[in-house]
Amino acid sequence: YMFVQCPAVSPFEWHPFSITSAPGDEYLSIHVRQLGDWTRELKRVFSAACEPPVSGKSGLLRADETTKKTLPKLLIDGPYGSPAQDYGKYDVLLLVGLGIGATPFISILKDLLYNIIKMEEEEDTSTDLYPPIGRNKPHVDLGTLMRVTSRPRKVLKTTNAYFYWVTREQGSFDWFKGVMNEIADMDQRNIIEMHNYLTSVYEEGDARSALITMLQALNHAKNGVDVVSGTKVRTHFARPNWKKVLAKIASKHPYAKIGVFYCGA
């Protein structure tokens, strides 16, 4: 996380925010929830400088060099560490975020995918460097072999991650819609399993939520998009049954070292 100050809002106040970008990203990002005077004023100050949102879409449009108005100045202090940065010590991750508590885990999921893709690319290049051995070429070039074996090999301990995001309002899904879809697209190897839970709707199996579930299944099968969250991640109703969740992960990975990370009330 890092501390942020906006002199246009207050020259004295510093507020901490979880970093939602991963080390592999070319930008630094945080997600700010409007909750209190400072965050509301920050939204107002940036709204005045950013392009207005497109009708029917939430949030401000990202400002860049083409934005004619000058953007408010931001000062940052950090980054600081958190227990979640040690996720690499575990074979399997269970990440649980409540509401805006999902922010630190977005960064972890992206970093995990970047590292796995990078590691696979390194393995591919080292395979290409080995000269083929056959009848016509019975020996390996020693210089090439020395070069390949002397390179430090990056070994990633983590093999799977399960992300549970529990939120009250359906509108919350807009916060991370882009990031959720980006992770789903990047995850070609099905390393990450994501679950959205909406607690303001009746429990799963309840007749009142049966119609929504039916619409969900139809839309997901046809378009690959969830009608509730607007993302590729399916939404469940009420709260997760943690006993079932933990039992399922334990039976799926019997000999793994599992790390559980939680951020919420």
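The values are calculated or read from the model by the stated rules, or taken from the named source; none is laboratory data. These figures come from a predicted structure and were not determined experimentally. All Cβ positions, even for glycine, are placed from backbone atoms using ideal geometry, and neighbour counts span all protein chains on display. Note: accessible area is taken over every heavy atom of the protein model, side chains too, but ligands, DNA and RNA are not part of it. Shrake-Rupley method; radii C 1.70, N 1.55, O 1.52, S 1.80 Å.
Tabulated values for the structure
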quantity: Subset tally (residues that are surrounded by 15 or more Cβ atoms within 10 Å (Cβ to Cβ) and either under 13 Å from the mean Cα position of the chain (by Cα) or assigned to a loop (DSSP other than H, G, I, E, B) (or both)) for the stretch 15-28; calculated: 5
quantity: When residues of the stretch 156-180 are limited to those that are under 27 Å from ALA250 (Cα atoms) and open to solvent by 40 Å² or more (accessible area, probe 1.4 Å), the one modelled with the highest pLDDT; calculated: THR159
quantity: Sole residue being open to solvent by 50 Å² or more (accessible area, probe 1.4 Å), within 29 Å of ILE30 (Cβ to Cβ), at pLDDT below 80 and part of a loop (DSSP other than H, G, I, E, B), chosen from ARG189, ARG153; calculated: ARG189
quantity: Residue match in the stretch 49-59 (condition: out of contact with any Lys or Arg (no Cβ under 9 Å at 6 or more places or on another chain), outside the structural domain of ALA8 (by the TED database), modelled with pLDDT under 85 and open to solvent by less than 80 Å² (accessible area, probe 1.4 Å)); calculated: no
quantity: Members of the stretch 1-15 found to be within 23 Å of ALA102 (Cβ to Cβ) and free of Cβ contacts under 8 Å to residues at least 40 places away in the same chain, listed by number; calculated: HIS15
